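Take a look at the structure below.
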Amino acid sequence: MHRQMNLLRDLQAMDFHLDRLRQELSQLDSGERIRAKLEQTRRRMEEIKQRYQESYAAAAQQERRLKEFDERIRRAETDLYSGRITNPRELQLMQHEIEQAKQIREELDIQMLRMWETLETMKRDIDASERDLQEIERFYEAHVEEYRQRKAALEAEIAFNEQEREKLAQQIDPEVRQRYQTLRERLGGTAIAIVEQKACSVCHTLLTPYTLKRLETEDALISCESCGRLLYDPKLAQ
């Protein structure tokens with residue numbers, strides 16, 4: 001049975017390796033968090049662009065109003081100084097209206113200046129968002145490419161090791177192999193324990209002299225009396 005235990009030890013080592021590979025494969029980061037950040041940055045940029053377009057349209061409308069005021073003031077001043085109006089009261093009233101229009105025009109001009117300053121700030125935000133977006137896109141593409149390569153490598157390594165495991169498993173007696181598999185499923189993946197300083201390496205229970213004697217003399221599968229795992233003594237195997 002020592003040969004069977006040697007094969008079981010190798011099978012368990014291969015199963016451990018396959019478990020690690022499968023776990024790594026399942027935990028690979030496909031880049032979902034980066035993609036979410038990318039979409040968030042893209043949405044933010046589109047929102048800023050939308051606000052920029054709306055503000056630009058409002059600024060353009062304000063500029064048209066300024067031009068209309070300039071034209072009204074120009075026409076009023078032309079009438080004022082044309083000599084057509086001679087009534088002093090009417091002249092005074094027109095001059096007052098022109099002064100009021102100039103005040104309104106000055107207020108509109110200040111508003112116009114603030115609007116253009118806001119547009120400049122928004123344009124800088126758009127440029128910064130576009131740079132951030134490009135940087136995240138490059139990072140995301142690189143991450144996805146690395147993920148795909150690692151995923152492909154792991155899948156290939158798993159496939160190869162599964163084939164090697166099958167070859168090894170075929171060398172083990174079917175009943176022994178089934179018992180190993182049952183223990184592995186029931187005991188969290190570890191079906192075989194090493195004998196270390198007369199104790200089970202998994203549950204650390206000190207083995208009885210009877211169990212140690214059986215390991216030396218019997219051609220059978222010997223289990224730990226505490227945890228039930230199959231015992232493998234490297235000294236006996238050698």
Next item on the list: Can you run down the residue pairs with Cβ atoms below 9 Å, 6 or more apart or on separate chains, where the first is in region 184-208 and touching a residue at least 60 places away in the same chain (Cβ under 8 Å) and among the polar types (S, T, N, Q) and the partner is in a loop (DSSP other than H, G, I, E, B) and open to solvent by 50 Å² or more (accessible area, probe 1.4 Å)?
Entry: Thr190/Val202
Next item on the list: Select from region 184-238 the residues that are β-branched (Val, Ile, Thr), touching a strand residue (DSSP E or B) at 6+ places or on another chain (Cβ under 9 Å) and closer than 18 Å to Gln12 by Cα and list them in ascending order.
Entry: Ile192, Ile194, Val195, Val202, Ile222
Note to self: Anything in region 201-238 that is among the hydrophobic types (A, V, I, L, M, F, W, C), within 19 Å of Gln4 (Cβ to Cβ) and not in a helix (DSSP H, G or I)? List them, or say none.
What the structure shows: Ala220, Leu221, Ile222, Cys224, Leu230, Leu231
Margin query: Can you say whether Thr182 is among the polar types (S, T, N, Q) and closer than 26 Å to Arg22 by Cβ, as far as the supplied structure shows?
Written below: yes
Check: Taking Lys213 and the conditions (1) open to solvent by 50 Å² or more (accessible area, probe 1.4 Å); (2) charged (D, E, K, R); (3) at pLDDT 95 or above, which numbered condition does it fall short on, given that it satisfies the others?
Finding: (3)
Check: In the list Glu97, Glu120, Glu166, which residue meets the criterion of being open to solvent by 90 Å² or more (accessible area, probe 1.4 Å), farther than 30 Å from Ala36 by Cβ and modelled with pLDDT under 90?
Finding: Glu97
Next item on the list: Report yes if Arg150 is part of a helix (DSSP H, G or I) and either more than 30 Å from Ile48 (Cα to Cα) or modelled with pLDDT of 95 or more (or both), otherwise no.
Entry: yes
Checklist line | Residues being open to solvent by less than 70 Å² (accessible area, probe 1.4 Å) and either more than 15 Å from Gly228 (Cβ to Cβ) or aliphatic (A, V, I, L, M) (or both) - total across region 178-209 | finding: 10
Next item on the list: Kindly provide the set of residues from region 124-152 that are loosely packed, with under 14 Cβ neighbours inside 10 Å and within 27 Å of Ala58 (Cβ to Cβ), ordered by number.
Entry: Arg124, Asp127, Ala128, Arg131
Margin query: Looking only at residues that are surrounded by 16 or more Cβ atoms within 10 Å (Cβ to Cβ) and under 25 Å from Glu166 (Cα atoms) in region 222-235, which one is nearest to the chain's Cα centre (by Cα)?
Written below: Arg229
Notebook entry, point to check: Listed residues Arg84, Arg64, Arg51; which is farther than 30 Å from Glu146 by Cα, open to solvent by 90 Å² or more (accessible area, probe 1.4 Å), outside any helix (DSSP H, G or I) and out of contact with any Lys or Arg (no Cβ under 9 Å at 6 or more places or on another chain)?
Noted result: Arg84
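The values are calculated or read from the model by the stated rules, or taken from the named source; none is laboratory data. Predicted, not measured: the structure shown is a model, and the values here were computed from it. As a convention, Cβ positions derive from the backbone with ideal geometry for all residues, glycine included, and neighbour counts pool all protein chains shown. Accessible surface areas use protein heavy atoms only, side chains included; no ligands, DNA or RNA. Shrake-Rupley method; radii C 1.70, N 1.55, O 1.52, S 1.80 Å.
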